[in-house]
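The values are calculated or read from the model by the stated rules, or taken from the named source; none is laboratory data. Predicted, not measured: the structure shown is a model, and the values here were computed from it. Note: ideal-geometry Cβ built from the backbone for every residue, glycine included; neighbour counts use all protein chains shown. Side chains are part of the model used for accessible areas, which takes the heavy atoms of the whole protein and leaves out ligands, DNA and RNA. Shrake-Rupley method; radii C 1.70, N 1.55, O 1.52, S 1.80 Å.
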Amino acid sequence: MLIADHSAWTKLVLSGFDRKKFLNGLVTCDVFKLKAGEGGLCCLLTPKGRLRADFELYDRGEDLLMLATPLAGANLKEDLSKKLILSESTLADISLEYALFHLSGPDEAVSGAEGFPETRYADDGRWLLVAAGAAEALKKASMTPEAWEALRVRRGVPLYGVDMGEETIPQEAKLDAALTFDKGCYMGQETISRVHHMGHINKVLVRLKVSGPLADQAALQSQGQEVGAITSYEDGFALGTVRLKESEVGTQLIALPATPVEVI
């Protein structure tokens with residue numbers, strides 16, 4: 001079993017009788033489709049359809065739990081807090097009260113933990129929410145941040161503020177699993193619906209196999225023309241943004257000055 005400590009992530013709880021209606025009008029996923037105990041990936045966008053946050057959303061029956069990386073979480077908390085006046089919901093930040101861990105591998109019971117299924121980082125992954133004072137054993141058993149980063153990059157999971165940001169359209173970061181096109185209006189819907197139904201993106205995030213040394217934020221080149229850039233690199237694998245025409249699996253590129261990379 002692999003354990004990773006994500007206690008620095010933002011953990012928000014939305015309560016109130018209209019919590020689903022309130023959140024559903026703001027985010028990209030269909031909150032009403034979630035049943036107690038279920039969860040999934042979601043995004044919060046700007047009115048122009050650019051990404052403010054990606055986060056994991058879980059229905060706990062009596063409330064909604066949101067888990068997000070620190071930068072995305074700060075944006076999520078800020079934007080939801082501004083909108084709360086429009087609802088009867090209450091937003092609580094429980095980040096300091098609880099530790100958060102990601103587990104993958106054979107299932108093992110962890111005393112005092114609240115678990116939630118997750119598949120972005122591992123097919124058998126799950127989040128564990130543990131009272132901060134009861135988390136020392138899990139912290140000691142956790143992998144290093146470098147090992148987690150290698151897992152994230154190999155898996156192809158973008159990190160907000162590194163591989164994507166406020167100029168990113170969700171489809172460019174392959175966050176399609178967070179998008180809904182058959183529910184009512186929500187913030188930024190017009191842009192992503194237009195891309196989905198009538199247009200296409202010009203660039204997209206890809207996973208890359210690296211065959212040599214790699215400089216931070218190295219430009220990517222094809223046939224002597226710059227076509228993108230590396231955004232994350234760890235242990236022979238990388239993430240990068242490239243033009244759509246260079247995004248097919250097997251495409252050979254050069255990370256400047258001279259390192260061969262292949263889209264995988």
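Could you list, in sequence order, the residues of the stretch 156-186 that are in contact with a Lys or Arg (Cβ under 9 Å, 6 or more places away or on another chain) and part of a loop (DSSP other than H, G, I, E, B)?
Of everything in the stretch 156-186, those that are in contact with a Lys or Arg (Cβ under 9 Å, 6 or more places away or on another chain) and part of a loop (DSSP other than H, G, I, E, B) turn out to be 156, 157, 158, 159, 165, 166, 167, 168, 169, 180, 183.
Could you tell me which of the residues 40, 49 is touching a Leu at 6+ places or on another chain (Cβ under 8 Å) and closer than 26 Å to residue 201 by Cβ?
Of 40, 49, the one residue that is touching a Leu at 6+ places or on another chain (Cβ under 8 Å) and closer than 26 Å to residue 201 by Cβ is 40.
Which residue is surrounded by the most Cβ atoms within 10 Å (Cβ to Cβ), if the candidates are limited to the stretch 133-155 and must be in a loop (DSSP other than H, G, I, E, B) and among the hydrophobic types (A, V, I, L, M, F, W, C)?
Of the residues in the stretch 133-155, the ones in a loop (DSSP other than H, G, I, E, B) are 135, 142-144.
Now restrict to residues that are among the hydrophobic types (A, V, I, L, M, F, W, C): 135, 143.
On the way: 135: 21, 143: 15.
Among them, the one singled out is 135.
Within the stretch 212-223, track down each residue that is among the polar types (S, T, N, Q) and either surrounded by 15 or more Cβ atoms within 10 Å (Cβ to Cβ) or touching a residue at least 12 places away in the same chain (Cβ under 8 Å) (or both).
If the condition is that a residue be among the polar types (S, T, N, Q) and either surrounded by 15 or more Cβ atoms within 10 Å (Cβ to Cβ) or touching a residue at least 12 places away in the same chain (Cβ under 8 Å) (or both), then 217, 221, 222 are the ones that fit.
When the residues of the stretch 224-246 are narrowed to those that are among the small types (Gly, Ala, Ser) and closer than 18 Å to residue 211 by Cα, which ends up most open to solvent (accessible area, probe 1.4 Å)?
My answer is 229.
Here's the yes/no breakdown for (1) within 19 Å of the chain's Cα centre (by Cα); (2) touching a residue at least 40 places away in the same chain (Cβ under 8 Å):
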{"site": "152", "(1), (2)": "yes, yes"}
{"site": "156", "(1), (2)": "yes, yes"}
{"site": "165", "(1), (2)": "yes, yes"}
{"site": "179", "(1), (2)": "yes, yes"}
{"site": "199", "(1), (2)": "no, no"}
{"site": "205", "(1), (2)": "yes, yes"}
{"site": "230", "(1), (2)": "yes, no"}
{"site": "238", "(1), (2)": "yes, yes"}
{"site": "244", "(1), (2)": "no, yes"}
